[in-house]
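Step one of this worksheet: look at the structure below.
The values are calculated or read from the model by the stated rules, or taken from the named source; none is laboratory data. Note that the structure is a prediction, hence the values are computed from the model and not measured. All Cβ positions, glycine included, derive from the backbone under ideal geometry; neighbour counts span all protein chains shown.
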Ligand SMILES: Cc1cc2nc3c(=O)[nH]c(=O)nc-3n(C[C@H](O)[C@H](O)[C@H](O)COP(=O)(O)O)c2cc1C
C-alpha cells in the first residue's frame, strides 16, 4: 500500500463529492490509506510526530479537500504549518519529503470555464494552486498534476460525481503503476 490520502473536509457528513470519493477509496483500502484530519483532530491539536511518521511511510501522497476561498480548508493549512517543520521537511538536514510525489484532489464549486483568464475567477486552477506547488518545491518533493471535479456546489450530477470517483481511483492507480507498485 503506497498511497496515503490526507482528507480534509470540515463537514464530511454533508459533503456530496468528498464523501463519495471517500466511499470509493475505502473499497481499495489494501492499496490506499485514508487519513481524515478533521476526524483525527477535532481539537485541532495536531500530533506532529504521528503525522510525520505517516508521511515518511508513503511515497505517494494525495491531499483531498473541497476548495474554500481558492485555498485549503483551514485545518489543512495548519497541518502544513505544524507538520512541515525545519530540520524535517526543509533546512540543511530536512529531507524527509525529498522525491515523494504529492498531488491534490479537489472538489471545486464553480464551473470549469470560469477558471481561466477570461472567466469570472480570472485565474486557472494551476495558478490558484501555485502556493502548493511552491511549497512542494521548497521541500524537494514532486508535484503531480491535480485531480478535480468542477461544479461541485450545484451543477455536478450524481452520475458525474460517481464517474469522478472512478476517475479519481484510476488516477491513483496510474501513479502507483508508474512507481512500480502492485495494484488491485
Ligand atoms: C467556505 C466556502 C468557501 C468556498 N470557496 C470556494 C472557492 O473559492 N471556489 C469555488 O469554486 N468554490 C468554493 N466553494 C464551494 C466548494 O468548493 C464546494 O461546496 C465543495 O467543493 C463541494 O464539495 P463537497 O460536496 O465534498 O462538500 C466554497 C464553499 C465554502 C463552504
Q: Given the conditions (1) buried (at least 18 other Cβ atoms within 10 Å of the Cβ); (2) free of Cβ contacts under 8 Å to residues at least 60 places away in the same chain; (3) within 15 Å of the ligand (Cβ to nearest atom), report the number of the one that residue 157 does not fulfil.
A: (1)
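Report yes if residue 44 is crowded, with 17+ Cβ neighbours inside 10 Å, more than 16 Å from residue 5 (Cβ to Cβ), modelled with pLDDT of 95 or more and more than 16 Å from the ligand (Cβ to nearest atom), otherwise no.
For residue 44, the condition - crowded, with 17+ Cβ neighbours inside 10 Å, more than 16 Å from residue 5 (Cβ to Cβ), modelled with pLDDT of 95 or more and more than 16 Å from the ligand (Cβ to nearest atom) - is not met.
Matching residues to (1) more than 15 Å from the ligand (Cβ to nearest atom); (2) farther than 19 Å from residue 141 by Cα:
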position	(1), (2)
20	no, yes
31	yes, yes
34	no, yes
38	no, yes
52	yes, no
80	yes, no
85	yes, no
92	yes, no
100	yes, no
Q: Quick one: residue 137 ticks every box in (1) in contact with a strand residue (DSSP E or B) (Cβ under 8 Å, 6 or more places away or on another chain); (2) within 11 Å of the ligand (Cβ to nearest atom) except a single one, so which number is it?
A: (2)
Q. For the range 81-101, what are the residues that are closer than 16 Å to residue 49 by Cβ and touching a residue at least 40 places away in the same chain (Cβ under 8 Å)?
A. 84, 89, 94, 96, 97
Q) In the range 125-158, how many residues are more than 12 Å from residue 62 (Cα to Cα) and in a loop (DSSP other than H, G, I, E, B)? A) 12
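Which members of the range 102-124 meet the condition of being assigned to a helix (DSSP H, G or I) and either within 10 Å of the ligand (Cβ to nearest atom) or in contact (Cβ under 8 Å) with a residue 12 or more places away in the chain (or both)?
112, 114
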(Q) Out of the residues in the range 1-30 meeting the condition of being modelled with pLDDT under 95 and in contact with a strand residue (DSSP E or B) (Cβ under 7 Å, 6 or more places away or on another chain), tell me which one is surrounded by the most Cβ atoms within 10 Å (Cβ to Cβ). (A) 2
